[in-house]
Amino acid sequence: QVQLVESGGGLVQPGGSLRLSCAASGSIFSINTMGWYRQAPGKQRELVAAFTRGGSTNYANSVKGRFTISRDDAKNTIYLQMNSLKPDDTAVYYCRGVGVGGAYWGQGTQVTVSS
């Protein structure tokens, strides 16, 4: 089993920044890829940014140039640095890990962008 715990969400004004963290524990050796997803009210969950199995990164077009995904393997943690935030970025952000055991999700952290 893998446990994923997100943190760092909150309320921020348009144009502001937040950094989300996702700490992994448990059978982390089984994880091949990790990434961030989000779900806004009334919308489907969508990919925000993720590491591929080859170690490269993928970003949703809507966040390219504003968001950066990174990792600290020593801490079993991935991050999402979010800059120039817009009201449309308001959503619950989820961490996802995929491995031989299947897909694992964190509980989510709320990000609200509003003046």
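The values are calculated or read from the model by the stated rules, or taken from the named source; none is laboratory data. Quick caveat, the model's predicted, so the values are computed rather than measured. Reconstructed Cβ throughout: ideal geometry from the backbone, glycine too, with neighbour counts over all protein chains shown. Quick note on the areas: whole protein, heavy atoms, side chains included, nothing else; ligands and nucleic acids left out. Shrake-Rupley method; radii C 1.70, N 1.55, O 1.52, S 1.80 Å.
Observations on the structure shown:
- Accessible surface, the range 19-75, averaged per residue in Å² (probe 1.4 Å): 59 Å²
- Shown in residue order for the range 44-49 are the 3J(HN,Hα) couplings computed by the Karplus curve 6.51 cos²θ - 1.76 cosθ + 1.60 at θ = phi - 60°: 6, 5, 9, 5, 9, 7 Hz (x for Gly and Pro).
- Accessible surface of the range 65-115, 1.4 Å probe, proportion on carbon and sulfur as whole %: 45 percent
- Take the Cβ atoms of residue 29 and residue 56, set R0 to 22 Å, and the FRET efficiency comes out at 0.55.
- Label-point separation, residue 43 to residue 112 (7 Å along Cα→Cβ), nm: 1.7 nm
- Residue of 25, 62, 17 that the Gaussian network model of the chain assigns the largest fluctuation, springs spanning Cα pairs under 10 Å: 62
- The loop-placed trypsin sites (Lys or Arg not before Pro) in the range 1-110, going by DSSP, that have at most 16 neighbouring Cβ atoms within 10 Å of their Cβ come out as 43, 45, 53, 64, 66.
- Computed 3J(HN,Hα) for the range 14-20, one whole-Hz value per residue from the Karplus formula 6.51 cos²θ - 1.76 cosθ + 1.60 where θ = phi - 60°, is x, x, x, 10, 9, 10, 9, glycine and proline marked x.
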